[in-house]
Structure formats: C-alpha cells, structure tokens
Number of protein chains: 2
Amino acid sequence: MQKEITIYDIAAKLNISAATVSRGLKDHPRVSKATKKLIVKTADEMGYRSNSFASNLRKKQSNVIGVIVPRLNSNFMADVLAGIEKVVNNNNYNLFISQSLETMKKEASNAKAMLNNRVDGLLVSVAYDTTSFDHFEPFIKRNIPVIFFDRVFDHAMCPQIYIDNYKAAFDITNHLIKQGCKKIVHIGGNQLRNVYSERFQGYKKALEENHIEFDNSLVIINDLTSEAGAEAAGEILKMDPLPDGLFVANDICAVGCMQALKKEGINIPDDIAVAGFNNDPTATVIEPPLTTVNYKGHEMGEAAAKLMINYLLDKQDLQQTHGLILRSELIIRESSLRDKSKQ
Amino acid sequence: MQKEITIYDIAAKLNISAATVSRGLKDHPRVSKATKKLIVKTADEMGYRSNSFASNLRKKQSNVIGVIVPRLNSNFMADVLAGIEKVVNNNNYNLFISQSLETMKKEASNAKAMLNNRVDGLLVSVAYDTTSFDHFEPFIKRNIPVIFFDRVFDHAMCPQIYIDNYKAAFDITNHLIKQGCKKIVHIGGNQLRNVYSERFQGYKKALEENHIEFDNSLVIINDLTSEAGAEAAGEILKMDPLPDGLFVANDICAVGCMQALKKEGINIPDDIAVAGFNNDPTATVIEPPLTTVNYKGHEMGEAAAKLMINYLLDKQDLQQTHGLILRSELIIRESSLRDKSKQ
C-alpha cells in the first residue's frame, strides 16, 4: 500500500519549502503562476490528496449534507435526489443519503447516524408514520439546519419546501366536476402527512364550492401502492350507483386501479373519469393517458439544496424562510376528458 | 448553541470517573449493567453524541462507502441504491452518493471528491462515455476497494457484479424467433458499455444459431431514451418489407417505440413482436404488456454492498471474486406472443 504523500514529500522533490508547497496548493497570490503549476503537477503525479477530512475536522465542519427520504426507489424521490445532488456537488459538498423505509424508528436511527457523523445540515422528507420531532431536536440544539421537503413537519426552526397540494387537489377535482362528474371517489394516503391530508382537503373544498355534498363513504384511505389501487377498484365496483369520477392521491395507485377497472369492463373516462397525482412515467403509458398533477421533483430537490447551501455559506437566517411553495401544474389527458356530446 | 457534551460532563454529573463513563458507553464488561444503563440514560438526556468523526480519523477509516452512478433518477438505479443503502446502513456504514450524469469528466471529479473525503470503498456503475480507468487508479494504489456493478470496467483488482446480458439477450431473441419472427430489428446503446455490447452479441448469436443471416441495417444504436425510441419507429416504418420482430436494449426506449408504432397503425405483436429489457414499471402498463428481462436492481445493490462490507470487515481478498453474475429472467408478455393460428 502506498504511503500517504505529504506536502513535505512534494517540497523535498521540488527542493522548495513546505510552506511554499502549501501556499501553492491553496492558490496563494505570493506564489508565482509557474511555481503553482509545477507544484500542482508534481502533487498529482505523486498521488497527493488534500486532507479535506482532517481539515474539515479542524474547521468543525464536514462539508457533508445529510438526506433522509422515505424510499430511494420511488420515481419522485429519485428525481428529487438528482436535483439535490446536482446543487450540492456543484458547491463542493458531499451527500450522505439514507432511507427511513417509511418508519419513524429507522428515521430516528438514520438521524442519529447523521448527527454522529457531523453533517453540516439535514434535508428530510418524513416517513409515513412519523409523529414526533424528538429525533431532530439534537440538530436544532446544535444549530445544525434541518429543512423539510415534500412531506414536511411543522417546526418554527425548520423551513419547509412543498407544492400547494391543497390547490392542486382542488383544481383537479374541480376539473372532474366540470367534465360532468357528480359522484367522485377519492383514494388518499395517511392523513398524518401533509401531502395526503391537503389533497383530501382540496378535494372536499372543490365539492363544496360546486354544491356537491361530501360523502365519507366515497373516501378510501390506503398505502397508495399499485396493489392497493387494484383492491380499491373492487370497492368502487360494489358502489351503487357506480361513481362517475375518481381522484387518486398518486399515479401508481391510480394506474393500478385503472387497470383493474378496465378488466371489469369499465370505460375510462366515459363510465368513470380518472385523475392521479405526480406525473409518473406510467401516466403517459396507461391507456387512456392519465390526467395528473405535474410535480417537479428535480426542481424541489434543487430548491431544497440551494436553501441549505445558502444558509451554510452565508449563514443566512433560516427562520426568515419558513415555507417555500413550488409551482405544480394540472396536466389534462384523456382519462378525464369526456365527449360532451355523449352526456 | 449548545456546548458539545463530553464524557467528563457525564462523569461529573454522575460523580464517577470519566474512564468508567467511557467504558460504559463502549459496553465494556468491567462496568456493571446497572451503571451502564445509568450512563447511557444520562448521556442521552444530556445530548451527548459519540465522536465517530474524530475516532474514525484516528482509526484512519471513515465508515463511509462511496457510490457513483450514471444517474440517480432511473428506475433501475433507484432500486440498486435502495438495496445498497439497506445493507450498508444495517452494518453501520454511511453512504456518499453522487451521479456522473453519464460523463467520464464528472465521474472523475466525483471520484476525486470521494478520495479526498476518505471513503473506505467505492461502488461504481460507469458513465456512458467512460474510456479510461485513470481516475480510479489512486484508489487501487491505496488499497481502497473499487467494485463495479452493472456497467462494469475490466480491471484485475476490481470485482464486477452484473447479470449475464449475453445470455438474456440470446434467450429473448430466440423467443422472438420461436414466435415466428424472421426479420428482427435491434435497438441498442453505446457499445463501449458491456451491458449494451453483450445484449447486441446475444442477439447476433441467437440469429446465427437459428440460421438467420445478420443484417447490420437492422441495427439502430441510440441513447435508449423514450424519444430515441419514437425516432427509431420512424426508421423501422421505412424498412421494406417491414420487420416482424424488435428487441430493444431497455424498456423505456421499447415503450417509446411501441407508442409511436401503434400511432401509425402497427399491430403489436401481430405485425411486429416486441421485447425490451429491465422490467420497468411501464412494461406492465403499456398495451399490450411488454415482454422483457427482469433485472433485479435491489438484489444487485445488496450483492455489491455485501461484497464490499465483507471485504472491509474481514479484509477478504477481493481478487478472489472477480465476477459475480446474478440471475435474470425472461418475462414473456403479450407484446411478443403471437396467435400461431394466424401465421
């Protein structure tokens, strides 16, 4: 195994002082351009690596940002992570990434590992069942910034980045009503999470504004998987009379439900008009293509990372930004577009 | 900001020696169970955090494994990362994750950052255009293990984990031939990458074994995006006579191509039987559902991480495992299943 190369080795080889080598590597103005070039070239050839690890320890910063997401293998989260990585990497920070696998218990253990490894900041989208902030308190106590994105937790010290789920759900439900739907089923997720409770509230508000009475028996709460969508289709088919509209809180579940409904001979959109949420790749592949809300994961990741980096570099006051609401857009496709002449 | 709590603070509070606190926190047998319990409870209450950062520096290990992937936002890679994270996290290691965005230049800069941050090992799936191993040499020189997965680079010191792309492509092409296809188009990716060159070779071998002459004008090489698939459909429609089979090196491109062919009135599988690769979620949503190769990303991630962890914990000889070939399976769906009576 190669011995670690030091600035003294480089100095000896070039027959100059270690101080000059150190200055040259740090691009100090007192070292001439030619000497700098020679120092950097020699350092590279000898396999020198800057000791960011030890120097970070001295500076009491790690240049590492921690990220905890519910699951790595979700289309949306993969987009968010790609956006975060791009910004973080361009700013010479590194990313620790872990997944809570949707449980608060693993989220807490991930947070502890991040703390022990001295992350400079933490970006979190909370797990399905997270009910407490306790595991994030140690960060707040140490002035380590915690920023929530998408699935947020309300805390005065923690900025939140999300889309207006309430408005998006209102708009998409309103669209179904404008297409003639009068009995609209909603399939939603755990109401502990802002993203799902706000989509549910937006659905209710649209019914109210259109003078359609809210009926709790039309609301199905499940874990929003494809399988849960197929199961929900079974429940929907038992409703009498059949509903004529369906708004599902994510596309995976909406597509699973559509496939099961189609198998039973239901015509979409004529019998039941369907809308989802997220604009997953499957939304454009299912027939008919799925009306949905385009939710820009990459941009959300970039925004969260930029807020963090700006805080770490400029020590901006994080409390000034409490919430950052990103734009989303309704994408209307054939799954909800009815031929008006048939109605 | 809270002052960092030390073992001396805990010792003062409990009126015991710092050595006892240190031993208690390390679960040393000389400290009684009751005292250990009290020490851990007090440490938690006071907000003590173990200094893994500094202790890792002393041990000259970071307990961090670096991962470089082409893109974070790919279904397959997200599955792989989820598998890696699970194993790494269960073994109390942390993950640095970065993406090369498919260029060797960024891959090299990512590798340098990983090296400077003292990762204990590196897991890599190489970028689209990587032609040199130079940026990984510094790891080899320092005995830092580098393991390649999926898109591998041939190097005596680096184990490789992949599926038998050659055999999977042979099997799927053979299946198309058994369904009656005689003129089969292949859409493939950059032939620098093992995954794409082997799929191409497997396709050629199946033709040869079935006495079908290889025709280079039936091979389309592109970047395997959905848009490239739609473009390829245009080329296919110009072929005279039309081909009767199509094997695409990934599902995203296969689905994009199918959608474009269907728009032009091509019946799948009767006019053209289609097969993809990866078993992406869209493969079950497209109509007709797509025949493909099931490629277990999560398992590949777990296998790569386990190999790395075993090496780091036991200093197993990495050279003993040069290649680890994972199982893949042909999944036959309607896109390639022809009604024999019609032929």
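The values are calculated or read from the model by the stated rules, or taken from the named source; none is laboratory data. Since we're looking at a predicted model, the values are computed, not measured. Don't worry about glycine lacking a Cβ; one is built from the backbone with ideal geometry, like all the others, and counts go over all protein chains shown. For the accessible areas, the whole protein counts, side chains as well, though only heavy atoms, and no ligand, DNA or RNA atoms are used. Shrake-Rupley method; radii C 1.70, N 1.55, O 1.52, S 1.80 Å.
Numbers below:
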| item | result |
| --- | --- |
| Which numbered condition A:Ala230 fails, given (1) open to solvent by 30 Å² or more (accessible area, probe 1.4 Å); (2) over 16 Å from A:Tyr166 (Cβ atoms); (3) in contact with an Asp or Glu (Cβ under 9 Å, 6 or more places away or on another chain); (4) assigned to a helix (DSSP H, G or I) | (3) |
| Residue match in segment B:279-287 (condition: open to solvent by 40 Å² or more (accessible area, probe 1.4 Å), in contact (Cβ under 8 Å) with a residue 12 or more places away in the chain and within 18 Å of the chain's Cα centre (by Cα)) | yes |
| Meets criteria (closer than 24 Å to A:Ser74 by Cβ, part of a helix (DSSP H, G or I) and more than 7 Å from chain A (Cβ to nearest Cβ)) for B:Gly66 | no |
| Among (1) at the interface with chain B (Cβ under 8 Å from one of its Cβ atoms); (2) closer than 25 Å to B:Val87 by Cβ, the one test that A:Ser50 misses | (2) |
| Residue in segment A:141-163 that is in contact (Cβ under 8 Å) with a residue 24 or more places away in the chain and in a helix (DSSP H, G or I) present | no |
| Residue tally, condition touching a residue at least 40 places away in the same chain (Cβ under 8 Å) and open to solvent by less than 10 Å² (accessible area, probe 1.4 Å), over segment B:95-132 | 12 |
| Lone unmet requirement of (1) free of Cβ contacts under 8 Å to residues at least 24 places away in the same chain; (2) part of a loop (DSSP other than H, G, I, E, B); (3) among the acidic types (Asp, Glu) for B:Glu208 | (2) |
| Single residue of A:Leu307, A:Leu330, A:Leu312, A:Leu324 found to be assigned to a strand (DSSP E or B) and closer than 30 Å to A:Val64 by Cα | A:Leu324 |
| Complete set of residues in segment B:69-86 that are among the hydrophobic types (A, V, I, L, M, F, W, C), within 7 Å of chain A (Cβ to nearest Cβ) and part of a helix (DSSP H, G or I) | B:Ala78, B:Leu81, B:Ala82 |
| Among (1) in contact with a helix residue (DSSP H, G or I) (Cβ under 9 Å, 6 or more places away or on another chain); (2) basic (Lys, Arg); (3) closer than 28 Å to B:Asp79 by Cα - the single one B:Lys205 does not satisfy | (3) |
| Unique residue being outside the structural domain of A:Pro281 (by TED's automatic domain parsing) and within 14 Å of the chain's Cα centre (by Cα) when the list is A:Ile84, A:Ile144, A:Ile140 | A:Ile84 |
| Test result for A:Leu207, under 23 Å from A:Glu334 (Cα atoms), buried (at least 18 other Cβ atoms within 10 Å of the Cβ), out of contact with any Cys (no Cβ under 8 Å at 6 or more places or on another chain) and not basic (Lys, Arg) | yes |
| Filter result for B:Asn267 (of a type in the set (S, T, N, Q), in a loop (DSSP other than H, G, I, E, B), open to solvent by 60 Å² or more (accessible area, probe 1.4 Å) and out of contact with any strand residue (DSSP E or B) (no Cβ under 9 Å at 6 or more places or on another chain)) | yes |
| Those residues of segment B:15-41 which are aliphatic (A, V, I, L, M) and open to solvent by 40 Å² or more (accessible area, probe 1.4 Å), in sequence order | B:Ile16, B:Ala19, B:Leu25, B:Ala34, B:Leu38, B:Val40 |
| Residue ID - nearest to the other protein chains (Cβ to nearest Cβ), chosen from residues in segment A:138-189 that are β-branched (Val, Ile, Thr), within 19 Å of A:Met77 (Cβ to Cβ) and open to solvent by less than 10 Å² (accessible area, probe 1.4 Å) | A:Val146 |
| Boolean, B:Ile236 is within 28 Å of the chain's Cα centre (by Cα), buried (at least 19 other Cβ atoms within 10 Å of the Cβ) and modelled with pLDDT of 95 or more | no |
| Any hit, segment B:213-226, residues being in a helix (DSSP H, G or I) and in contact with a Phe, Trp or Tyr (Cβ under 9 Å, 6 or more places away or on another chain) | no |
